[in-house]
Amino acid sequence: MNTMSYKGYAARIEYSDDDGCFIGHMAGIKDVIGFHADTVNELRAAFVEAVDDYLATCEKLGRAPQKPYSGKMMLRVPPEVHAHAAMMAKAHGKSLNQWAADVLIHAS
């Protein structure tokens, strides 16, 4: 699965063999926003247009646009995983939050 991002919003991109085009869906918000195009360049333009239209529509309606993610996560892991992660963070001279963020960034 591939993604695009623009103005802090992300979209997951798929190819539809049935339709012969690329299809995108904005991810991380409850509002359903989709777009499609035949080429990657057209898809990028359609995504930009979809985000801009979404933001303009929210402004017209007088409501705040949904934000994709706050940046806060809570994970429940076994105590031994927590202990190992804390040890690895300390060994790297980082806080547990910074170490975990670095691990997640490199895992994607």
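The values are calculated or read from the model by the stated rules, or taken from the named source; none is laboratory data. In this text, all values refer to a predicted model and were calculated from it rather than measured experimentally. Positions of Cβ are backbone-derived with ideal geometry, glycine not excepted, and every protein chain shown enters the neighbour counts.
Look through segment 12-30, keep the residues that are farther than 19 Å from E49 by Cα and among the acidic types (D, E), and return whichever of them is surrounded by the most Cβ atoms within 10 Å (Cβ to Cβ). Top of the filtered list is D19.
Residue pairs whose Cβ atoms lie under 7 Å apart, separated by 6 or more positions or on different chains, with the first residue in segment 10-22 and touching a residue at least 40 places away in the same chain (Cβ under 8 Å) and the second surrounded by 11 or more Cβ atoms within 10 Å (Cβ to Cβ) and of a type in the set (S, T, N, Q), are A10/T3.
Just checking, which of F47, F35 is part of a helix (DSSP H, G or I) and in contact (Cβ under 8 Å) with a residue 24 or more places away in the chain?
Numbers: F35 fails: part of a helix (DSSP H, G or I).
Selected residue: F47, the only one of F47, F35 that is part of a helix (DSSP H, G or I) and in contact (Cβ under 8 Å) with a residue 24 or more places away in the chain.
When segment 56-79 is filtered for residues that are charged (D, E, K, R), at pLDDT below 95 and part of a helix (DSSP H, G or I), nothing remains. Cβ-Cβ distances below 8 Å connect the following pairs, each with a first residue in segment 83-108 that is assigned to a loop (DSSP other than H, G, I, E, B), a second residue that is surrounded by 14 or more Cβ atoms within 10 Å (Cβ to Cβ), and a separation of six or more residues or different chains: H92/W99; S95/A89. Scoring M4 on the criteria (1) out of contact with any helix residue (DSSP H, G or I) (no Cβ under 8 Å at 6 or more places or on another chain); (2) of a type in the set (A, V, I, L, M, F, W, C); (3) closer than 23 Å to S108 by Cβ leaves a single failure, condition (1).
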